[in-house]
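What follows is calculated from the coordinates using simple rules that are stated; it is not laboratory data. Since the model is a prediction, treat every value here as computed from it, not as a measurement. Backbone-built Cβ (ideal geometry, glycine too); neighbour counts: all protein chains shown.
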Amino acid sequence: MNGQKTLRLIRIVFATMFLVGLVAAFFGLSQTLWITTIQFSASAVCFSVFKGFLTSTVITLALILLTTLLFGRLYCAVLCPLGVTQDFCAWLTRRKGSMKRNCVVLRYFVAAVVFGALTGGCVAIFRTLDPYSIFGSALAVSAHSTALEYVGAILPLFLVLALVLWKRRLFCVTLCPVGTLLGLVAQFSFWKIRLDADKCKGCKLCEKACPTGCINAENKLVDNERCVRCMNCLGVCRHSAARFSCTSNKADIPAQNNMESDPEKNAEKEKSDVSRRKFLGATATGVVILGVGSQHVAIHCKNRKLTLADSTGSQILPPGARNRRWFSSQCIDCGLCSARCPERIIRPAVSPNGLVHLDFSQGGCDIHCKACEEACPTHAIAFGKYRTRRTIRIANVGYDPQYCLSIQGENEPCAKCAEICPSAAIIMKVSPTGFHIPQLNENMCIGCGKCYSVCEGYTNKKALFLTPLEPQRLLATGQDVLRDAILAVRGTFVDSPNFATPSPDCVVIKDGAVIDKESGKGLKPLLALAERNGEKLQGAIVVDKVIGRAAAAILICAKVAYVHGELMSADGVAFLTMHGVAAGYRKLVPLILNRDMSGRCPLELLVDGIDNPEKAVETLKGKQK
C-alpha cells in the first residue's frame, strides 16, 4: 500500500476514534468531553457577534480554520460526527451515486441566512441545520420518553441519512452551513486533492467513489471547495493519479489546473468567476444586514419583554441558563446536558424555537450535581462565580393547602417535601391547633423541584407547584440564620462564618444570631448548652438533630421559643405543643430508637409517662450522673 492510499486508512482510524469518543461522552465518559468543545458549531455560537467570546473559543476556531487553510475540509471527514455517520451509512449500504451539480446559489444562500441570523443572536435557524446538533439530539433521545421528543430528535437525522441513500453527502455540499463556510476557506488550502494528468487513464473510479461529486475525471479537475477530504479517491485510484499534496510543488501541478487553451472556455470560466464574486459580495452584505436586523429585533423583543420562546414561557430552564433571551441565543440543543443528567430531568426543545427545559415529574435537580454545566459546549449553562448549584434559584414554588395530605389526610402527617428539601427551605411546623403544615421560606428556595416530585397531593392533585423565575438569581448566603443552622446540623456545607468549624449537633439562636453550639452524642450537647447558658435560652431558637420526649422536657424547662428537630418523635411534638413551645421538624417518627435500632431509646423509656417537664429533667440528670 503506497503512502497516498495509507492516508485514507489513517483518516478512517481517526474519524472512528473521534466518533466513538463523542458517543462515549454522551453516555457518561467524562474523559472524552473535550471532543464536544472542539466542534465548530459550539465555538461559532460562543464567538458570535454581540455575545462576547472566551479565549478557548478563539483558539478552537483559529485551529479549525488554520487546519482547513492548510489541508482543506478535514474537519468534515474526521471531527464532524454527522459527516462520519454519513460515510458509514454509505459504506454500509454500498451507495455509489453522488451529487454532480454544484449548487452554489443554494449553498451560499442557506449559509448567509444561517450565519446572518446567528450574528444577530438567533440560534434557532442555526441549530436546525447544524450537523453536531442534529447528531447529538438523536443520540441523546434515549434519555427521553415522549413521542414528540422522539420525533423532534430523530426526524432531522433520518432526513439526512435519507439523502445519503440518494446522493450520499448531498447535505454537506448544499445545506450544511458549517461545510459551506469551511469550503470557502478550503478552496485556498495549501494541500489539495488533484489529479495528475500524466498518470490518469480516465477510468473514473475516483469520480464514482467521491461522495460529494467534486471530481471531474474527464477534465482532470477537483473542486476543493466541496471536497471533504474523505480520501476515497486515493484509495481506489490504481495508477496513483489522485494525490493529496501541497500545491506549492510546481512540478506536480497538472496542466488542467491552469487556464484552458480554448478561448471560449476561458471566457466562460472567467464569467463564472465574476458571477461567483458578485454572489459572494451580495451574500456578505446579506449576512451583515440580517445580523444587524436580527439584533434590532432581539432588542425590541427585550424592551417589550418578549422572547423567542414565549410559547414555552411556562417551562423552567436548567440552572445557570440566566434568562430565556440569553439561553435561546446560546443553546444549540445538542442534547449533551440531557444525556448526561443523572436525574433525567433535562428535556430537549420540542419545537424549532423552543428551549431545553426541566421536567420535575419524575425527580428533582441535585444541588451537588454540575453535570449539565460541565457538559455544555457553548457555556449556555454556567453556574457563575459560586461554581455550585446550591446557590442558584431557578423557579418559584407555590403551596395550595387544600390539596396537602398533612391537612386533608386522615392518617399521620405527610412530610415528604420537608424530608427531601436539600436547602431547608421547607420545614414542617405544628400549629397551635395541632395541624402539621409545610412552611416554605421562599428566599431560601432554589427551585430544585425535589419537593414537587415527591408530593402526592390530596385527590391526586399536587399541593406544590412551580413557576419559572426570570431571570434566575443567586441566593445571598448567610442571610437566614435558622436555615444555615439547620443545614449545619444536617451536615451540609454552609457558607457562613457562624459555622466555619466542623458541623455541630445542636445550635442556639437568639435575636437573629448564633449564641452557642455544641457537638456530641445523645442528650449531652443539649444538657451542656442548658447548663452553660441558663436563662439565656429563654425565648431562643434551638436546632437539634434528634428531638424526643426527653429533649423536649429539657427545652421546655429552658423556656425556649421554638424547637427544630431534624428527626422528631410524635411524642416529642405533642409534649412541646402541650407546654406552648412551637415545634418544627424535617422528619416525624413514632418513636426514637436506640443506636443499634433494636428498641426504644433508654432515655425515652426513662421519661415515658412523666408529664411534668421539671420532674423529667431531674430524672434525666440523675441518670446522667
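Peptides 124-130, 438-444 ranked from most to least packed by the mean count of surrounding Cβ atoms within 10 Å: 124-130, 438-444.
Quick note on segment 476-602: its Rg to Rh ratio, both from C-alpha atoms and Rh being the Kirkwood radius, is 0.95.
Sequence-ordered 3J(HN,Hα) estimates for segment 15-30 from the Karplus curve with 6.51, -1.76 and 1.60 and θ = phi - 60° stand at 4, 5, 4, 5, 5, 5, x, 5, 4, 4, 5, 5, 9, x, 7, 5 Hz, glycine and proline given as x. Using a/c under 1.5 as the rounded threshold, could you call segment 340-479 rounded, prolate or oblate? The axes a ≥ b ≥ c are square roots of the C-alpha gyration tensor eigenvalues, and prolate needs a/b larger than b/c, oblate otherwise. Taking the square roots of the gyration eigenvalues as a ≥ b ≥ c, segment 340-479 is prolate. Of the trypsin sites (Lys or Arg not before Pro) found in segment 359-450, those in coil by DSSP whose Cβ has at most 14 other Cβ atoms within 10 Å are Arg387.
Taking square-rooted eigenvalues a ≥ b ≥ c of the alpha carbon gyration tensor, is segment 83-158 rounded, prolate or oblate, where a/c under 1.5 means rounded and, failing that, a/b exceeding b/c means prolate? Oblate shape, in that a/c is at least 1.5 and b/c is the bigger or equal ratio. Across segment 1-135, counting alpha-carbon atoms alone, Rg and Dmax equal 16.4, 51 Å. The separation of segment 109-126 from segment 316-360, counted between C-alpha centres, amounts to 20 Å.
Normalised by residue count, segment 68-196 yields a Cα convex hull volume of 132 Å³ per residue. Full extension of the chain between Gln402 and Glu618 gives 73.4 nm of extra length, using 0.36 nm per residue less the Cα-Cα distance. Summing Lys and Arg as +1 and Asp and Glu as -1 over all other residues whose Cβ lies under 11 Å from the Cβ of Arg238 gives a net charge of +3. Full extension of the chain between Ser361 and Ser519 yields a length gain of 53.0 nm, computed as 0.36 nm times the residue separation minus the alpha carbon distance.
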